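**Student:** Encoded as structure tokens, here's the structure I'll be asking about.
The values are calculated or read from the model by the stated rules, or taken from the named source; none is laboratory data. Note that this is a predicted model, so its numbers are computed, not measured. Here the Cβ is made from the backbone with ideal geometry for all residues, glycine too, and neighbour counts use every protein chain on show. Remember, those area values only see protein heavy atoms, side chains included, never the ligands or the DNA or RNA. Shrake-Rupley method; radii C 1.70, N 1.55, O 1.52, S 1.80 Å.
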Amino acid sequence: MAADTGSYIKHHLTNAKMCMSDGGVAFNKACADAGFWTLHVDTLAWSIVLGLVFLLTFRSVAKKATTGVPSKLQCAVEMVVEFVDKSVKETFHGKNALIAPLSLTIFVWVLLMNAMDWVPVDWIPTIAGLIGQYGFGMDPHDVYIKSVPTTDMNMTFALSIGVFALIIYYSIKVKGIGGFTKELTMQPFGHWAFIPVNFILETVTLIARPVSLALRLFGNLYAGELIFILIATIGLFQLPVHFLWAAFHLLVIPLQAFIFMMLTIVYLSLAHEDH
């Protein structure tokens, strides 16, 4: 029983992989030694699909928006847009037309990816297993799929590295290369003798921003998904416990999207400050 439970948990926590092997395309177990050049196709697919859901939904609402009595969907979209816009105005102290739409995109996209955690853990793997078995003649146990992109560290680091690239870009654009270099070498101790110490401290602080962004989001969502999987193994009492944990996630899932968005705004605001 313990071995079955362990296999069940491992199966649910394994990504669908694709890689190049011996000049051809290989999948899953054949990618065990592929290393860095392995694509997690489930993470890519779900993140793209959910990104399209966000774009098409908001575009549709924008095209159909009316000044009369709005639909429920229009009300929901307007509330989200106003909430994000208010957060940007209160937190971002520079002038940049990119920050508000970027923040909206981050918040809604991360929220949608996190929300996949509410889907019962067996539904999507079971459907994928049946498709693999009857559509492609595969053993269902060899069909892997993780439906929560933010439980994949590759996804959370991809998001945070994108934010980090913007931090570096705007730091140099606003402050100039000289100003950015001075910020790294003359703070917090404003004396030339402390340049090595300042550089180490400021570099660590700078690198810690994307690392903390990625690990915070990944850690919270991975732990939540793992607990959902563990709940699914307890048998008779799993349904009430599942609903209790899902109810708790009504707070966790939007909160993590909000934190990721707010820290992005704060970091980009600091990049726009020219001392």
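**Student:** Kindly sort Glu202, Glu78, Glu225 by accessible area of their heavy atoms, largest first, with the probe set to 1.4 Å.
**Tutor:** Numbers: Glu202 45, Glu78 75, Glu225 25 Å².
The ordering from most to least exposed comes out as Glu78, Glu202, Glu225.
**Student:** Determine the principal axes of the Cα atoms in the chain, then give the extent along each, sorted from largest to smallest and rounded to whole angstroms.
**Tutor:** The principal-axis extents, from largest down, are 66, 57, 41 Å.
**Student:** Something else about it: How do Met261, Met116 rank by accessible surface area computed with a 1.4 Å probe, from largest to smallest?
**Tutor:** Numbers: Met261 0, Met116 25 Å².
From most exposed to least exposed: Met116, Met261.
**Student:** Given the protein chains as shown and a 1.4 Å probe, how many square angstrom of Met20 are accessible, to the nearest 10?
**Tutor:** 140
**Student:** Further, regarding this structure: Kirkwood hydrodynamic radius of the stretch 152-275 from all distinct Cα pairs, in Å? Before the final figure, lay out each step's value.
**Tutor:** Details: mean 1/r = 0.0591 Å⁻¹.
With all distinct Cα pairs of the stretch 152-275 included, I get 16.9 Å.
**Student:** For the chain, what is the relative contact order in percent, using Cα pairs closer than 8 Å and at least 6 residues apart in sequence?
**Tutor:** Working: 277 pairs, mean separation 68.0, N = 275.
About 25 percent, as a whole number.
**Student:** Using a simple spin-label model with points 7 Å from Cα along the Cα→Cβ vector, what separation in nm is obtained for Ile200 and Ile9?
**Tutor:** About 4.0 nm separates the two model spin labels.
**Student:** Can you give the FRET efficiency to the nearest 0.05 for Leu239 and Ala34, using r as the Cβ-Cβ distance and R₀ = 35 Å? Don't skip to the end; give the middle numbers.
**Tutor:** On the way: r = 39 Å, r/R0 = 1.12.
Between Leu239 and Ala34 the formula returns 0.35.
**Student:** Here is the link list: Lys63/Lys89; Lys17/Lys173; Lys10/Lys72; Lys17/Lys175; Lys89/Lys173. Which ones come out longer than 32 Å on Cα distance?
**Tutor:** In this structure, Lys17/Lys173; Lys10/Lys72; Lys17/Lys175 exceed 32 Å between Cα atoms.
**Student:** Ignoring ligands, DNA and RNA, how do Trp123, Trp192 rank by accessible area with a 1.4 Å probe, largest first? Write out the running numbers ahead of the final one.
**Tutor:** On the way: Trp123 160, Trp192 185 Å².
Highest to lowest solvent-accessible surface, that is Trp192, Trp123.
**Student:** Would you pull out the residues with amide H under 5 Å of Met20's amide H, same chain only if 5 or more places away, H placed 1.01 Å from N?
**Tutor:** Ala26
**Student:** Which whole DSSP H helices in the chain pass both tests: a Cα extent of 18 Å or more along the axis and a mean Kyte-Doolittle value no lower than -0.5?
**Tutor:** Numbers: long enough: 41-64 (34 Å, 1.22); 72-91 (29 Å, 0.15); 99-115 (23 Å, 1.96); 123-136 (19 Å, 0.91); 153-185 (34 Å, 0.95); 195-231 (53 Å, 1.44); 238-271 (47 Å, 1.72).
For the chain, where a helix must reach 18 Å along its axis and average at least -0.5, the hits are 41-64, 72-91, 99-115, 123-136, 153-185, 195-231, 238-271.
**Student:** In a shell of Cβ-Cβ distance under 11 Å around Thr151, excluding Thr151 itself, what net charge do Lys and Arg (+1) and Asp and Glu (-1) give?
**Tutor:** Details: positive: Lys146; negative: Asp42, Asp117, Asp152, Glu225.
That works out to -3.
**Student:** What FRET efficiency, computed as 1/(1 + (r/R0)^6) with R0 = 30 Å and r the Cβ-Cβ distance, is obtained for Phe136 and Thr105, rounded to the nearest 0.05?
**Tutor:** Values: r = 35 Å, r/R0 = 1.17.
Using R0 = 30 Å, I get an efficiency of 0.30.
**Student:** If you find the alpha carbon centre of the stretch 32-82 and of the stretch 159-237, how far apart are they in angstrom?
**Tutor:** Going from one Cα centre to the other spans 26 Å.
**Student:** State the dimensionless ratio Rg/Rh of the stretch 140-198 (Rg: radius of gyration of Cα atoms; Rh: Kirkwood radius).
**Tutor:** Numbers: Rg = 19.7 Å, Rh = 14.7 Å.
Taking Rg over the Kirkwood Rh, I get 1.34.
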